[in-house]
Structures are given as structure tokens and as C-alpha cells.
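> Handing you a structure now.
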Amino acid sequence: MRCLCLLLLLLLLPGSTVRAAERPNIVLVMVDDMGWSDLGCYGGEIETPHIDALAADGLRFTRFYNNAVCGATRASLLTGLWCQQTGHRGDRWNEPKDFSRCVLISEVLQASGYHTAMVGKWQGRDLAVHRGFDRFFGPNCQGKISYWNAVRANDFYLDDQPWAFPETGFFMTDAFSDHAVRFLEEATAGEKPFFLYVAYIAPHWPLHAREETIAPYRERYRSRGWRGWRNTRLERQRQMGLLPENARPAPVPESIPDWADEEYKDWQAERMAVYAAQISNVDRGVGRLLKVLDDSGADENTLVLFLSDNGAARDGGLRPTTSGFGFKPGGNNSSWRKDGVAIRPGSGPDLMPGPHDTFSGYGVAWATTSNTPLRDHKQSAYEGGIRTPLIARWPGQVKEPGGVTRQPGHVIDIMATCLDVAGARYPEEFEGRRPVPMEGKSLVPVIRGEQRSGHEVMAWKCSRGRAIQMGDWKLVRPGDGRPWELYNLAYDIGETENLAADFPDRVRLMSGKYEEWRRRVGAR
């Protein structure tokens, strides 16, 4: 009785953070085009102390999957469906959803009593606040973006109102973090459980970053190069237990030269330094969000998820160029930015990346390092296109903080996980719509250290290939008209040994299962 009276007294005290029967909060952070090994907690040398702290207190997934390109991944993540079921082909970066067939996490959680907010990349044809979010800040992203300036086809909104760019001082990643902190402070001060979705665009090209963030990385990449850091990442991954025993990493493509033979070391190092700076800037934003949770006392009742929308992007070429990404000498390079300032086309030793009037990517050599030890890159059905790091932190629920799980999962599982955590039900009918039954399965058992009943099949139709996984076996066709390839991911993480000729019955079984999946979900 004395304990009950004390609890009631605490609940009545002004400013008390103790609440009865609290439903957990959810913070979902997704980055864009980040490689599998870029984070420190996945073997990388980029400074990511706050995200690494999430991993130290949480659980890292080594076999979690996306849809190889931004729009397709977001379609699945927000709906719990294969992207084709939502009206998205899966092989294009941006297509509208068919909302007569799906419902979003935000809509279900909002209807279930959650305060919902979003910051960052929204690819809808309508505004996020019309799709279940109480608050929103970011671009309605329909084209190339700049980190420094307002550009065409990417109007920014605050809630449902156009947002005017400040005359000076804007940097997109910082603006996202500022508004995410603001929305999170509002949410932690409120009475409702909350769902915050932060969709950073970094480190997606163009390579834009502040000089003070780039500088610490220059010599790091100038002194070691892509192969040196790739080898270091592999060793760290083995030490961390991220790779299976006897793991076979993908070989480095023959087109990538040894660093000792690279003619343009300063330029190449600068490209990776700017890319690393973009990720470090995201990490600082994540640190600010975690501080709000800690200071408010909400951290103990909040599930935090962090992942990437696809693998590293190889765009940007291997050699210096005078054009690229739609900009070229003599072209109309001033029509993209709303202020009319022209982009200097190309990239090379005389045109380093980072400043506001440049537009470039870091290229295939560094993208291969980012995806260590996986094969290929963004948009591919090989592991380098579709495998993502995923970190889950949930105090008191993660069985082994700092641990690693090899249980497979897919972004279709994020919605099921959020609804499971919130105690919300996926609707058969929602505001006159009848959504397709949810395909995803909750990750909560995995987070709690249990063995879940996963997916019999996971399958993909990407712009560069098709694939299906069943357990440790993966069947992949890098292009229509080419033969299926078979790999055992239990050890062949780099997809180096094609076993199709050795197991023709398995190829027939899995290719038949793929065809069943393709027809059922409407993939082309």
C-alpha cells in the first residue's frame, strides 16, 4: 500500500516524468546512399561517436535489406509492403504511391493516439501532413538537391506552408537536425507517445560540406587510399563479429587502380573527405536528438532505429571530368538554383568538391570501400545494393546491448515493428481505403534476443537485377536475359562463387518462387 501511495504521489507532482502505462516512443532515422561499412560500429574510420553509442547500447543487424534505391525503399518502409504493391515499380527513384492500396506508419500511429512528426526527404505528390504527420519540415523532393541553396523541383515546407530560405547560413543537414530537435522537444514535453521520422539526405551526392568538417579527413584519405582503408575495415569487421566465419569478401574491381598508382591523389582524397564530412554531420545531428531524449528522461522508453535506404552510390566516375549530373560546359548551368548562380560543371584537381557552386559524386573506387565487403553498389540486386546497416536501441528490451544478430530482415518489417511496439493494429479499412494486408513482420523478437519466424522469401526487382533469398541461399540475375546465379551467404558474403551449376534443382525451385512472388506483388 505504501508503494502504491508513493507512485500516486509521484504522478501528481508538478513536472513529474512518471506516467502510467506509457506506450513506447519511436525515433526512426534513415540516411541516404550510405555504404554498409561507413559507420565506426560497422568497421569504418569515419567519426560517428553518437551512432556508435547507439550500437553499444543496442543491437546491430548484419543481414538487413532495403530496395536498392531511395523511393522504392521508402515505399516499403512506410507501408510494410513490397514497393510494387504500393504502385512503385522498384527500379525507379521516385514514383507516387497508390494510397487506395496502402496506409502509412504515420497514419496508423496518429490514429492510435501518437504524436507524429517528420523531418527530411519526402517524395510524395502531396504533403506529409496530409499523410499522418502532425509536423513536417523538409523538401517535397522531386529532383536534384543542393545542401547550400534553394533549387527548382525541391520546394521546402514547414507543416503545410512553403518555407522561405534564409538569405545566409543555410546548410540542409543542419536545418534538418535543427527542426528534428525542435519537434522532439515539443514531443517530449507533450502527453502523447511520439513517432519521429528523420530522413536525412546525406551522404547522397552532391558532395557538399563545410570546410571545417572536411579538413580533419584530408590527410586520413590522402595517406591511405581506398584499398588501405578497405583492408582496415575488413579487419575491424572480423574483430567486431560482423562477418561470418571464413567470410569471402567481394574482390575489388580490376578497373580500380592501386593507390600508389593513382595520379590524382589530392582530388581523390578530397572526394572521400567531403563524403565522410557529410556522415559526420549526420552523426552530430543524431547526437543532438539523443541528448534531447536523455535530458527529458524519454530515452528509457524510446526505441531508436537507424538505417540507410540503399548501398553506396558509384556515381561520379573514376577520373576527372568537365561535365556530369546534367551540367556541362556551355550548358544552361544557372537554371537549377533559384538564385540563378551557375554550377561549375565537372570535378577534378582544379575543381574540388564541397563548395556551393559544385556538383559531383565520389565515384566507384570510394563507393567500393564504403560497401566493404559487399559486391556492387546502389541500384544493384547484389548485396552492395540491397544490404543496409540497421541499429536498434531500446533500453531494457535489447537482450545483449552491443550485440550483433544475423537474423535476416527487410525494410517491410519496420512498420510491423512500430505497430507492435505501439500496440497498434494494422487496419483492414482506413478512411475509406482497403490496404493490402501487411507483408512485414515485427523485429521485436529479434531485438529481445529471440528467434523469430522470418520470411520464407525476400525478393527484389531493381534497376540492375532481380534477386530472391531463401534462408542463406540467394539467387540473383544481374540483368534480364542473363542466367541466374546462386550464392550461399552463410560464408560467401561477397557473392564470389556461383553455385548454380552445382545445384540446378535449387535454381529451379528458387526461380519458380521468384516468379510466384513477382506475379503476386505485381513486379515487372
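The values are calculated or read from the model by the stated rules, or taken from the named source; none is laboratory data. Every value quoted in this text rests on a predicted model; they were computed, and no experiment measured them. Glycine gets a Cβ as well: all are built from the backbone with ideal geometry, and neighbour counts include every protein chain shown. When the accessible area is computed, the model is the full protein with side chains, heavy atoms only, and any ligands, DNA or RNA have been set aside. Shrake-Rupley method; radii C 1.70, N 1.55, O 1.52, S 1.80 Å.
> Which numbered condition in (1) part of a strand (DSSP E or B); (2) in contact with a Pro (Cβ under 8 Å, 6 or more places away or on another chain) is the only one that Leu28 fails?
Checking Leu28 against (1) part of a strand (DSSP E or B); (2) in contact with a Pro (Cβ under 8 Å, 6 or more places away or on another chain), the one that fails is (2).
> Mind listing just one residue for me: the one in segment 426-454 that is polar (S, T, N, Q) and touching a helix residue (DSSP H, G or I) at 6+ places or on another chain (Cβ under 8 Å) and, of those, least open to solvent (accessible area, probe 1.4 Å)?
Ser442
> Output yes when any residue across segment 396-405 is touching a residue at least 12 places away in the same chain (Cβ under 8 Å), open to solvent by 20 Å² or more (accessible area, probe 1.4 Å) and within 27 Å of Ala467 (Cα to Cα), and no when none is.
Yes: segment 396-405 contains one or more residues that are touching a residue at least 12 places away in the same chain (Cβ under 8 Å), open to solvent by 20 Å² or more (accessible area, probe 1.4 Å) and within 27 Å of Ala467 (Cα to Cα).
> Give all pairs with beta carbons closer than 9 Å in which a residue from segment 297-312 that is closer than 15 Å to His204 by Cβ meets a residue that is basic (Lys, Arg) and assigned to a strand (DSSP E or B); count only pairs at least 6 apart in sequence or on separate chains.
Gly311/Arg387
> Which ones in segment 485-524 are without any contact (Cβ under 8 Å) to a residue 60 or more places away in the chain and either part of a loop (DSSP other than H, G, I, E, B) or open to solvent by less than 20 Å² (accessible area, probe 1.4 Å) (or both)?
Leu486, Tyr487, Asn498, Leu499, Ala500, Ala501, Asp502, Phe503, Met510, Tyr514
> So, in segment 238-265, how many residues would count as being touching a Phe, Trp or Tyr at 6+ places or on another chain (Cβ under 7 Å) and polar (S, T, N, Q)?
Adding up the residues that qualify gives 1.
> A further question follows. Select from segment 455-475 the residues that are small (Gly, Ala, Ser) and open to solvent by 30 Å² or more (accessible area, probe 1.4 Å) and write down the one among them that is farthest from Gly90 (Cα to Cα).
This residue is Gly471.
> Do you know which of the residues in segment 114-138 that are under 17 Å from the mean Cα position of the chain (by Cα) and not polar (S, T, N, Q) is surrounded by the most Cβ atoms within 10 Å (Cβ to Cβ)?
Residue satisfying both the conditions and the ranking: Val119.
> Still on this model: I'd like to check something: does segment 94-108 contain any residue that is part of a helix (DSSP H, G or I), in contact with a Cys (Cβ under 9 Å, 6 or more places away or on another chain) and in contact (Cβ under 8 Å) with a residue 24 or more places away in the chain?
The initial filter retains those residues of segment 94-108 that are part of a helix (DSSP H, G or I), namely 105-108.
From what's left, in contact with a Cys (Cβ under 9 Å, 6 or more places away or on another chain): 105, 108.
Still in the running and in contact (Cβ under 8 Å) with a residue 24 or more places away in the chain: 105, 108.
There is at least one residue in segment 94-108 that is part of a helix (DSSP H, G or I), in contact with a Cys (Cβ under 9 Å, 6 or more places away or on another chain) and in contact (Cβ under 8 Å) with a residue 24 or more places away in the chain.
> In segment 316-365, what count of residues is obtained for those that are within 13 Å of Trp267 (Cα to Cα) and in a loop (DSSP other than H, G, I, E, B)?
13
> Can we say Gly143 is surrounded by fewer than 18 Cβ atoms within 10 Å (Cβ to Cβ), without any contact (Cβ under 8 Å) to a residue 60 or more places away in the chain and within 20 Å of the chain's Cα centre (by Cα)?
Values: surrounded by fewer than 18 Cβ atoms within 10 Å (Cβ to Cβ): yes; without any contact (Cβ under 8 Å) to a residue 60 or more places away in the chain: yes; within 20 Å of the chain's Cα centre (by Cα): yes.
Yes; evaluated as a whole, the condition is true for this residue.
> Next question, about the same structure. Going through Arg238, Arg248, Arg233 one at a time, which residue ends up being closer than 29 Å to Ile493 by Cα, in contact with a Ser or Thr (Cβ under 7 Å, 6 or more places away or on another chain) and open to solvent by 80 Å² or more (accessible area, probe 1.4 Å)?
Arg248
> Do we find that Asp258 is of a type outside the set (A, V, I, L, M, F, W, C), open to solvent by 20 Å² or more (accessible area, probe 1.4 Å), at pLDDT 95 or above and touching a helix residue (DSSP H, G or I) at 6+ places or on another chain (Cβ under 8 Å) in this structure? Lay out the reasoning, then the answer.
Values: of a type outside the set (A, V, I, L, M, F, W, C): yes; open to solvent by 20 Å² or more (accessible area, probe 1.4 Å): yes; at pLDDT 95 or above: yes; touching a helix residue (DSSP H, G or I) at 6+ places or on another chain (Cβ under 8 Å): yes.
Judged against the criteria, Asp258 is a match.
> Something else now. Might you let me know whether segment 476-484 holds any residue that is surrounded by 15 or more Cβ atoms within 10 Å (Cβ to Cβ), assigned to a loop (DSSP other than H, G, I, E, B) and either hydrophobic (A, V, I, L, M, F, W, C) or modelled with pLDDT under 95 (or both)?
yes
> While we're looking at this one, here's another question. For segment 46-73: of the residues being open to solvent by 10 Å² or more (accessible area, probe 1.4 Å) and part of a helix (DSSP H, G or I), which is farthest from Ala269 (Cα to Cα)?
Asp57
> Taking Tyr221, is it open to solvent by less than 30 Å² (accessible area, probe 1.4 Å) and at pLDDT 95 or above?
On the way: open to solvent by less than 30 Å² (accessible area, probe 1.4 Å): yes; at pLDDT 95 or above: yes.
The answer is yes for Tyr221.
> Which pairs have Cβ atoms under 6 Å, sit 6 or more apart or on different chains, and link a residue in segment 313-326 that is in contact (Cβ under 8 Å) with a residue 12 or more places away in the chain to one that is open to solvent by 70 Å² or more (accessible area, probe 1.4 Å) and part of a loop (DSSP other than H, G, I, E, B)?
Partner pairs satisfying both residue conditions: Thr322/Pro329.
> Filter segment 156-179 down to residues that are in contact (Cβ under 8 Å) with a residue 24 or more places away in the chain and over 19 Å from Ala209 (Cβ atoms) and give me whichever is surrounded by the most Cβ atoms within 10 Å (Cβ to Cβ).
Restricting to residues being in contact (Cβ under 8 Å) with a residue 24 or more places away in the chain and over 19 Å from Ala209 (Cβ atoms), the top hit is His179.
> Go through Gly87, Gly43 for me and flag whichever is open to solvent by 10 Å² or more (accessible area, probe 1.4 Å) and not charged (D, E, K, R).
Gly87
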